[in-house]
Every structure is written in structure tokens, then in C-alpha cells.
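Let me begin by presenting the structure, written as C-alpha cells, before commenting on it.
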Amino acid sequence: MSDHKIDTHKIDTHKIDTHKIDKRDWDAHPPYVYPDYKSTTFRGPTKPLVPIAHTLSELTIPAFGHEQIQEFDNDLTINGRVDGEPQGERIQVSGRVLDEYGRPQIGTLVEIWQANAAGRYIHKTDQHDAPIDPNFFGGGRCVTDENGRYTFLSIKPGAYPWGNHHNAWRPNHIHFSLFGMSFASRLVTQMYFPGDPLLALDPIFNATADKIARESLVSKFSQKYSIPNIALGYEFDIVLRGPAATPMEA
Amino acid sequence: MMSNKLKQTPSQTVGPFFSYALTPEQSGYNLKSIASPDMRADDTPGEHINLSGKIYDGNGEIVSDAMIEIWQTDADGNYLDRDTPPMDGTFTGFGRCDCEIKKEFYFNTVKPGPIEEGHAPHINMIVFMRGMLTHAYTRIYFSDESDANEKDAVFKSVPTERRHTIIANRVEEDNIVTYQFDLHMQGDNETVFFDV
């Protein structure tokens, strides 16, 4: 994707220190307390975070590999089937997991979960009065390939109401969980869909002040990843914290 | 040059409905879990310990729609990471717990060894919950390691009056060792969270 293209020649790879990881970019991440999202006001930490000099504790992570992945784990149109096909609009979601220097994060686990086409989760405590789809589970995972790419086949999730404020509806979204190359690069996020009118009203989406970062949460419609006669394609790249690089001297 | 860096993808809340995908076996869903609260086997070397605690919000209410992840060394102080995966395939040092079932988190693990001289044994923890847009990192130190704790650079970097919030209390009962570690998201006893 053009907006994720960077000139890697400008980064001196000899100066990349794999024993250090770039800091969490607090311009890119939402704050712990964001009053428009009410629960954050009594759940988010309020005291200043204590800075930490990274040790092996922050720089290591177990390898979750292919052996943990089962057939169809990345095909949500199949992995919940009981006696038929799931209802809704089939989609293919694909993207690359990169670090901040555009390097692919190879062999890293990507887990997803989502509501069904009617906006209902399979989760036992979801009380939304919308139908459960007996043939849709809504959870999946895969490991990124040699280009850092993941791909899922699924059903476009529906919007659903939540109790944050009067007539509050979450925009269509898919939850993503990623590990990257260290405990410090751990990320849980949500992917949204282009053109969704609910985005402008959603406090979770809008909690990220930085426009470029916030809009990177919205996938792009992709003809390339659409499958003829089967599914519409959406592309969603994810950028994790990676090993630090020192900028070259001019 | 730094302007060439890509922007980190923003964190978003894990929400309330993660367990069927992230902790499926523990939560009773039909999918194999990639990690669980039962981290050790009967023959995993080291002192077998349980770790448990409740999470309190700013109103003193128990938070149950939360997920806790921990990452730790084995009893010899080794991280079984991508470069040095576990030999026997059992203990990985990574655990994941859905707090919904017991209204608390719990792990069956082994007491970690120190990474190297001068580092106190500790467990690294990530807290995810509905109502948090970004996960929070903390560390668990052990009440019976006060000498080592006092030498640990990260522990010492925490203001003295807040250090008690990251020490788990050792309780021994019927030959079972349990470390108790409650999390307070806000308030006078707010747990120390690190800018990892």
C-alpha cells in the first residue's frame, strides 16, 4: 500500500540494535483515561507510568508457530459450520505485519475475533437481541508468511449497540491480537471498514488523537484481495514496535 | 530520516467478548487454546507455585471482563523465547487467563529464576480489559525475595511508597505455595504500571 511505503535505504541496518526496541509512541495510542469512553474513567490507570530500561523480560517472547494452528483456523466461513454456511457478506481480509521501518514481521501469530453479520458475538454473555448464526463462530488465527502477510476469509461483521451513551452503536469491526518479536511489541487492536458513518461517532475509534494513526485503523477496499464470485477484499496493514534503529548521520 | 518511520498501529480495547477466541478452552469454547493458565506439567523442574489475584477498578469493584497474560523465565532464569524454545514442549513461560470464570486470575506455574546476577526473580504481566484502550504492563516481584528485590534496578526505580503494589505475598498451605497479587487500577494503592 502506497501510504505504507518507506525508503528502507535511508535506514542504516548496521545501526539497528536488536537488543533495544522503539518506545511506545504515545501519539499513536489512545490514553488510558478518555472520558467519552466512560469505563476508562474508573478502569484506566491515572498515575504516571514508571519508565523502564528494557531487559530480556521486555525483549523476548515465545514463538507461537504453525503447530498450534489447525486447518481452517484462518477461514471463518468454514471453522464454525454445523449444518450449513454462515449468513452474510463474505470478505477476505489480508495485510502485512510490519515494524516501524517497514520490515515484515515473519512467523508471528495473528488472532482475530468478531461479531456475526447481525452484530451478535458467539460469546455466552452477549445479550444483544440479534440472531446467533449457528454456522458462524467468529474466531480465527494464522501465522504471518515470509512477507509478513496474514489472510483471513470471513463474514462482514454487523454493527451492534452498547451502553456507553444514548443510542450508541459500535462501527463494524474485527478485533486483532498480535505478538510481534517481543513482549513489548504486543498489540490488541480493531480493524474498521471504509466509509462507515459510525466511525465519526465512536469514542473508541476517536480516542486516538493523531489523525494518521487513527485512520490507519480503517481497512481499505481491495480489488486485489477480492475473490471473484466469492468475497470482497479488504487490506489492513499493522505496524508494531520493532528493534530500534539509529538515524544515519547526514 | 526518522520521519520515514511508519506510525505504530493504535491499540484498541480488547472489549468484553474476547474469550471464545483468545482463551477458548479455559472458557468452554470449541477451539484449541494457544496458551492457558496451566503453564506447568507435573514434572516441570523448579518450585511449583500458584499465582492468583483480583482486579479492582477505581470504585473498588472487581473487574471480571479482563484478560491477564504473563511471561516469565523457567526456574533456571532462562526465557524460552524464539531463539531458545522449550526442550520438552511443556513449559513455555507464557500464560493467559480469562478472569470471567473465577472473578480473578490464576496461574499454575513455577517460580522463575533470576535472569542474571543483580536481577530479582519476577513475572512480567500484561493487563487487558474492557474499559482500557491500551494494555498496561506491570511486574510481579516476590515477598520472600526482599534482598534480591532491593538490588534490582527496575524495582529500585519505583518510588519507595509504591513498591508494595508490585510484590506478591507468599502463602503456604497444605504444601501448596500461592503468591497473592491483587491489581488496583486506580486509587491510593494503584498498581505500578511501567512504560514498557
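The values are calculated or read from the model by the stated rules, or taken from the named source; none is laboratory data. It should be emphasised that the depicted structure is a prediction, and the values quoted were computed from it without experimental measurement. Virtual Cβ from ideal backbone geometry, glycine too; neighbours counted across all protein chains shown. All accessible areas refer to the heavy atoms of the entire protein, side chains included, with ligands and DNA or RNA removed. Shrake-Rupley method; radii C 1.70, N 1.55, O 1.52, S 1.80 Å.
For A:HIS128, the criteria (1) at negative phi; (2) open to solvent by 10 Å² or more (accessible area, probe 1.4 Å); (3) more than 17 Å from the chain's Cα centre (by Cα); (4) modelled with pLDDT under 95 hold in every case but one, which is (4). Across the stretch B:171-194, which residue is nearest to the other protein chains (Cβ to nearest Cβ) among those that are outside any loop (DSSP other than H, G, I, E, B) and open to solvent by less than 30 Å² (accessible area, probe 1.4 Å)? Per the criteria, the residue is B:PHE194.
Applying a threshold of 6 Å to beta carbon distances and a minimum spacing of six or more residues, or different chains, the list of pairs starting in the stretch B:166-187 at a residue that is more than 16 Å from B:PRO112 (Cα to Cα) and in contact (Cβ under 8 Å) with a residue 24 or more places away in the chain and ending at one that is open to solvent by 30 Å² or more (accessible area, probe 1.4 Å) and of a type in the set (Val, Ile, Thr) reads B:GLN186/A:THR46. Among the residues of the stretch B:68-119, those identified as assigned to a strand (DSSP E or B) and either open to solvent by 10 Å² or more (accessible area, probe 1.4 Å) or within 9 Å of chain A (Cβ to nearest Cβ) (or both) are B:GLU69, B:TRP71, B:PHE94, B:TYR106, B:ASN108.
For the stretch A:162-173, taking the residues that are farther than 15 Å from A:VAL93 by Cα and in a strand (DSSP E or B), the one that is nearest to the chain's Cα centre (by Cα) is identified as A:ARG170.
Of all the residues in the stretch A:61-72, those that are over 21 Å from the mean Cα position of the chain (by Cα) and either assigned to a loop (DSSP other than H, G, I, E, B) or facing chain B (nearest Cβ under 8 Å) (or both) number 1. Whenever a residue of the stretch A:102-131 is in contact (Cβ under 8 Å) with a residue 60 or more places away in the chain, its partners that are open to solvent by 40 Å² or more (accessible area, probe 1.4 Å) and of a type in the set (Asp, Glu), lying with C-beta atoms within less than 9 angstrom and at least six residues away or across chains, give the pairs A:GLY102/A:ASP7. Note on the stretch A:75-102: residues that are within 11 Å of chain B (Cβ to nearest Cβ) and either surrounded by fewer than 20 Cβ atoms within 10 Å (Cβ to Cβ) or not charged (D, E, K, R) (or both) amount to 9. For the stretch B:157-170, name all the residues that are more than 11 Å from chain A (Cβ to nearest Cβ) and in contact with a helix residue (DSSP H, G or I) (Cβ under 9 Å, 6 or more places away or on another chain). B:ILE167, the sole residue that qualifies. A:ALA245: at pLDDT below 95, over 21 Å from B:LEU6 (Cβ atoms) and at the interface with chain B (Cβ under 10 Å from one of its Cβ atoms), yes or no? It is false that A:ALA245 is at pLDDT below 95, over 21 Å from B:LEU6 (Cβ atoms) and at the interface with chain B (Cβ under 10 Å from one of its Cβ atoms). Taking A:ILE106 as the residue in question, decide whether it is within 19 Å of the chain's Cα centre (by Cα), at pLDDT below 95 and of a type in the set (A, V, I, L, M, F, W, C). Criteria met by A:ILE106. Go over the candidates B:THR92, B:THR84, B:THR44 one by one and state the one that is farther than 30 Å from A:ARG103 by Cβ, of a type in the set (Val, Ile, Thr) and at pLDDT below 95. Result of the check over B:THR92, B:THR84, B:THR44: B:THR44. Does B:ASN124 satisfy being touching a helix residue (DSSP H, G or I) at 6+ places or on another chain (Cβ under 6 Å) and touching a residue at least 40 places away in the same chain (Cβ under 8 Å)? In short, yes. Which of the residues that make up the stretch A:194-236 are in contact (Cβ under 8 Å) with a residue 40 or more places away in the chain, of a type in the set (Phe, Trp, Tyr) and more than 14 Å from chain B (Cβ to nearest Cβ)? Across the stretch A:194-236, the qualifying residues are A:TYR225, A:TYR234.
Given the condition facing chain A (nearest Cβ under 7 Å) and either open to solvent by less than 30 Å² (accessible area, probe 1.4 Å) or out of contact with any Lys or Arg (no Cβ under 7 Å at 6 or more places or on another chain) (or both), answer yes or no: does some residue in the stretch B:35-55 qualify? Scanning the stretch B:35-55 turns up no residue that is facing chain A (nearest Cβ under 7 Å) and either open to solvent by less than 30 Å² (accessible area, probe 1.4 Å) or out of contact with any Lys or Arg (no Cβ under 7 Å at 6 or more places or on another chain) (or both). The residue of the stretch A:25-52 that is nearest to the other protein chains (Cβ to nearest Cβ), among those that are open to solvent by 20 Å² or more (accessible area, probe 1.4 Å), in contact with a Ser or Thr (Cβ under 8 Å, 6 or more places away or on another chain) and without any contact (Cβ under 8 Å) to a residue 12 or more places away in the chain, is A:PRO51. Restricting the stretch A:169-197 to residues that are over 30 Å from B:TRP71 (Cα atoms) and not aromatic (Phe, Trp, Tyr), the residue that is most open to solvent (accessible area, probe 1.4 Å) is A:PRO197.
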